[in-house]
Amino acid sequence: MTSAARAPTPFDVLGDSLPCRCPGMGYDPDLGLDLCACIAAEKALRAYRDRRHLPPMTDEQRAWCLSEIERAEGYERACHASETDNELAGTVLCAWLDFARDKGLVR
C-alpha cells in the first residue's frame with residue numbers, strides 16, 4: 001500500500017525518502033523492485049526508533065504519534081507525551097502491533 005492510498009500523515013514526505021528498515025525486505029536488484037510494503041509513516045517511525053540522523057519531530061508529528069498510540073487499547077496518550085522522539089516512534093510501532101494482534105491480524 002502506498003501513502004497515497006490512505007489518509008496523509010505528517011511523516012509521508014520524510015518516509016517516502018527513506019529506505020526500508022524491515023528485516024529481509026528492501027530493494028531486490030534481481031527484480032528491480034522495492035519489496036517493502038511499509039507505508040511512508042512506518043518507514044519514518046522505524047528510522048526515528050532506530051535513531052537515524054533525522055530532524056527532531058515537529059509538534060504536528062508528535063501529536064499524530066500520540067493519536068495513533070491512543071487508538072490501541074491499553075495505551076494512554078498522556079503516558080507517552082514526554083517520550084523522546086525515538087521512544088515515541090517505538091511506542092507507535094508497538095501500539096500498531098498490539099492493535100493488529102487484538103484484531104487477530106497477526107500472532
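None of the figures in this text is laboratory data; all of them are computed from the coordinates on show. The model shown is predicted, which means the values in this text are computed figures rather than measured ones. Every residue, glycine as well, gets a Cβ built from its backbone with ideal geometry; the counts of neighbours run over all protein chains shown.
What to note about this one:
- Whole-Hz ³J(HN,Hα) from phi, Karplus 6.51 cos²θ - 1.76 cosθ + 1.60, for the range 53-64, glycine and proline x: 6, 10, x, x, 4, 7, 4, 5, 5, 5, 4, 5
- Backbone HN-Hα couplings from phi across the range 44-52 [Karplus 6.51/-1.76/1.60, Hz, Gly and Pro as x]: 5, 5, 4, 5, 5, 4, 7, 6, 5
- Each peptide in 73-83, 38-48 receives the mean, over its residues, of other Cβ atoms within 10 Å, and ordering these scores from highest gives 38-48, 73-83.
- With the simple spin-label model, which puts each label point 7 Å out from Cα in the Cβ direction, the ALA81 to ALA7 separation comes to 2.1 nm.
- Shape call, the range 3-102: gyration tensor on alpha carbons, a/c limit 1.5: prolate
- Extending 7 Å from the Cα toward the beta-carbon at both ALA100 and GLU70 defines two label points whose distance is 2.4 nm.
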